[in-house]
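Computed from the coordinates by the stated procedures, all read-outs in this text should not be read as laboratory data. Remember, predicted model here, so these are calculated numbers, not experimental data.
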Amino acid sequence: MRMIKTLSLFFTALFSTALLYAQDEEKVDMADTMRSNGRIYVVVAVVVVILIGLILYLVRLDRKISRMEREKESK
Amino acid sequence: MDVPRLPALSETIRNLYFHVCMWFCMMILFTVSVVYAVRYLRTNKLADDIYSRQYATVGIVFGVLGYATGAIWMSYTWADPNNSSFQSFNAVAREPKLIGAAIALLIYFAYMVLRDSISDMDKRARITAVYNIFAYALLFPTIWIIPRLLPSLHPGGENGNPALDTNDIDSRMRLVFYPAVIGWTLLGVWITTLKIRLNLIKEKTLLQ
């Protein structure tokens with residue numbers, strides 16, 4: 001008896017989650033992460049792009065300077 | 001920081017502190033660049049030419065960053081959420097602001113191409129200083145005048161200023177926005193001075 005009870009509980013729990021999933025699928029809202037939380041991740045993406053851009057540019061500058069230093073040493 | 005709650009933008013309005021500042025920084029750096037170009041034409045000192053060139057280069061970097069961040073912002077505000085932004089591209093690409101900014105950046109790319117195509121130092125400095133003035137003059141119609149005459153999805157079309165309009169920008173945002181403009185510009189100036197110092201040393205070793 002107890003076994004049946006737990007099993008039925010288990011299955012109801014299982015199906016209720018399945019139902020929840022089905023409800024989620026009905027909502028059509030694309031690009032979900034970017035549009036969540038008031039689209040704050042768009043701002044994050046923008047900041048990341050700027051940081052990557054500036055850092056790559058500075059790394060290139062750094063390489064140029066170290067190349068010049070090496071040339072100066074070899075002279 | 002609290003921001004105004006706007007229907008189409010929601011939290012993406014915070015991009016004002018980044019995307020718009022990139023363009024402000026670009027404009028300021030290009031302005032400094034043209035000032036040094038004029039100074040070169042008056043004094044004929046090669047150092048002024050180096051200043052002018054490096055300010056223009058870093059200005060282009062900020063312009064490209066402004067364009068890239070604008071592309072990201074656009075794909076989550078202008079583009080249709082149920083289609084991919086690629087499918088909305090047809091409508092978005094007709095924006096006068098995008099086309100104007102692209103033309104302005106291409107003119108400055110041409111400045112770099114022109115520079116590297118002339119091997120004689122003095123000739124290069126003189127020709128590119130004149131071209132720099134021409135490029136700066138073309139900034140006015142391409143990014144300030146024409147976009148303001150045409151209807152656009154971008155703020156500041158037809159009826160005035162995109163970010164400086166007192167009716168358009170919330171005073172709470174201005175509290176962050178103006179220091180952000182100054183901060184990004186100072187960052188740009190710092191990178192430029194590093195490049196200038198590097199090139200001045202390079203110049204010295206070349207002349208020796």
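In order along the stretch B:44-60, the Karplus-derived 3J(HN,Hα) couplings, from 6.51 cos²θ - 1.76 cosθ + 1.60 at θ = phi - 60°, round to 6, 8, 5, 4, 4, 5, 4, 4, 4, 5, 5, 4, 5, 4, 5, x, 5 Hz, and Gly and Pro are given as x. Taking a straight Cα-Cα cut-off under 30 Å and skipping sequence neighbours fewer than 8 places away in the same chain, the lysines within cross-link reach of A:Lys72 are A:Lys64, B:Lys45, B:Lys123, B:Lys195, B:Lys202, B:Lys204.
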